[in-house]
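Chemist: One structure coming up, written as structure tokens, with questions to follow.
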Amino acid sequence: MPLTTAPDTRPTSIATEILNLLMPHHRTTDRVPVPVPAEAFPHQLRRISAFVRDGAPIVFTLPGFPCKSPNPAKVLGHLPDQGECLSLTFLNTLCTEIERIHPPGARVIICSDGHVFGDLIGVPDDHIDAYADDLCIQIGRMGLHRLSVFDLRDVLGDLPHDTKRTHIHERYAPTLEALRAETRSDDQALALYRGITRFLVEDTADWTGTRSALQRACRQRAYGVIQRSRAWGGLIAEQHPRAVRLSIHPQPIGAPKFGIRLLDAPDAWTTPWHSAALHRSDGTWTLMPRAEAARMGRLVQQGGRDSHFCQNRAACLPGVQ
């Protein structure tokens with residue numbers, strides 16, 4: 001009788017430990033009364049296990065960090081500030097923690113998607129370039145070696161931005177009809193559509209027409225943003241086919257994408273590029289619109305430009321973080 005070899009369960013066990021490190025940061029709108037086990041995320045477990053089995057660094061892709069909101073009531077400017085720096089540090093620290101469980105470690109590829117839909121959100125392409133370039137500078141300055149930035153320039157080089165957008169839209173985007181049908185039939189798709197519409201309305205600072213006309217225009221543009229985002233996701237999957245897909249948007253439990261919260265915020269949709277960072281008097285950080293943060297704290301500058309707001313005067317002194 002031939003001998004049978006028991007399957008090696010160590011990769012799955014290690015993958016479970018790694019996923020448990022991510023679980024406290026899961027960004028979701030699902031209401032769950034008890035902690036969710038790692039087994040509820042089969043897509044992520046399967047991909048992490050494959051890296052573990054190969055003894056390779058785990059690769060995460062995170063579409064996001066596109067550019068700052070064009071609304072000056074929400075952000076401090078068009079370049080990354082303390083909100084981005086804290087978020088980047090969090091991601092790098094997460095990779096460091098994974099390395100304690102899985103010695104080959106992990107890395108996060110930040111897939112900066114500003115150029116994908118810059119024309120739809122009203123942000124100039126030169127501002128988007130400056131934002132992405134400064135992200136790389138900050139990553140190098142802070143020694144965050146487990147992070148890298150990937151954008152359309154890495155795939156399509158120096159082609160005109162409109163040409164790049166047209167290329168990925170035509171190759172990867174779903175049709176408008178299919179997207180509208182999905183929004184009508186799927187609650188998660190509807191929530192995403194409404195969330196993006198809300199952001200587009202809030203980010204429009206120079207509208208001269210009626211509120212109802214603005215909402216109509218933003219509802220139409222929201223479909224375009226989702227189409228381009230799907231196209232960007234398709235290109236990322238093609239370029240990084242084995243990677244574990246993270247998302248800055250809330251994701252349901254068990255979805256192929258794992259929603260991850262970068263910083264504390266009162267709203268599950270808030271990101272560093274739609275807000276300003278506030279250093280609270282208890283030493284913790286949160287994100288909120290610039291106008292609101294300005295009412296609660298004092299503006300702090302670092303490196304000659306606006307960085308964040310601070311409630312504790314002592315912590316606002318130069319050199320105190």
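The values are calculated or read from the model by the stated rules, or taken from the named source; none is laboratory data. It should be emphasised that the depicted structure is a prediction, and the values quoted were computed from it without experimental measurement. No Cβ is skipped: glycine too gets one built from the backbone with ideal geometry, and neighbour counts run over all protein chains shown. Keep in mind that these areas ignore ligands, DNA and RNA; they rest on the heavy atoms of the full protein, side chains included. Shrake-Rupley method; radii C 1.70, N 1.55, O 1.52, S 1.80 Å.
Chemist: Please compute the volume of the convex hull spanned by the alpha-carbon atoms of region 203-290 and report it per residue in Å³.
Modeler: Enclosed volume per residue, from the Cα hull, is 151 Å³.
Chemist: Ignoring ligands, DNA and RNA, please state the percent of accessible area on region 72-122 from carbon and sulfur, probe 1.4 Å.
Modeler: On the way: 940 of 1570 Å².
Using a 1.4 Å probe with all protein chains present, region 72-122 comes out at 60 percent carbon and sulfur.
Chemist: Now for a different question. Excluding THR210 itself, calculate the net charge of residues whose Cβ lies under 15 Å from the Cβ of THR210, where each Lys or Arg counts +1 and each Asp or Glu counts -1.
Modeler: Neighbourhood net charge equals +2.
Chemist: Express the C-alpha Rg of the chain as a ratio against the empirical globular expectation 2.2 N^0.38 Å, rounded to two decimals.
Modeler: 1.04
Chemist: Using only the Cα atoms of region 13-79, construct the convex hull and provide its projected area averaged over every direction, in square nanometres to one decimal.
Modeler: Spelled out: convex hull of the Cα atoms, projected over all directions, averaged, 7.0 nm².
Chemist: I'd like to check one number: the per residue accessible area of the chain, probe 1.4 Å, reported in Å² as a whole number.
Modeler: 49 Å²
Chemist: Cα centroids of region 130-156 and region 270-295: how far apart, whole angstrom?
Modeler: Their Cα centres are 23 Å away from one another.
Chemist: Still on this structure, I have one more. Less than 24 Å apart at the alpha-carbon level, and either on another chain or at least 8 residues along: which lysines does that give for LYS164?
Modeler: Cα-Cα hits under 24 Å: LYS68.
Chemist: Sticking with this structure for a sec: Can you order the peptides 171-179, 113-121, 202-210 by their average number of other Cβ atoms within 10 Å per residue, highest first?
Modeler: Peptide ranking by packing, descending: 113-121, 171-179, 202-210.
Chemist: While we're on this one: Whenever you get a sec, compute what percent of the accessible area on region 28-68 sits on carbon and sulfur atoms (1.4 Å probe). Write down the numbers at each step before the final one.
Modeler: Values: 1150 of 1980 Å².
Whole-percent figure for carbon plus sulfur exposure: 58.
Chemist: Shifting gears a bit: At a 1.4 Å probe, what is the % contribution of carbon and sulfur to the accessible area of region 173-321?
Modeler: On the way: 3730 of 7350 Å².
Taking all protein chains in place, region 173-321 shows 51 percent carbon and sulfur surface.
Chemist: Determine by what factor the alpha-carbon radius of gyration of region 99-247 differs from 2.2 N^0.38 Å, reporting the quotient.
Modeler: Region 99-247 yields a ratio of 1.18.
Chemist: Equivalent-ellipsoid semi-axes (√(5λ), Cα gyration tensor) for region 143-196, whole Å, largest first?
Modeler: Gyration-tensor ellipsoid for region 143-196: 29, 19, 8 Å.
Chemist: Per q in 0.16, 0.19 1/Å, what log10 I(q)/I(0) does a Debye calculation on the alpha-carbon atoms of region 56-179 return?
Modeler: -0.85, -1.07
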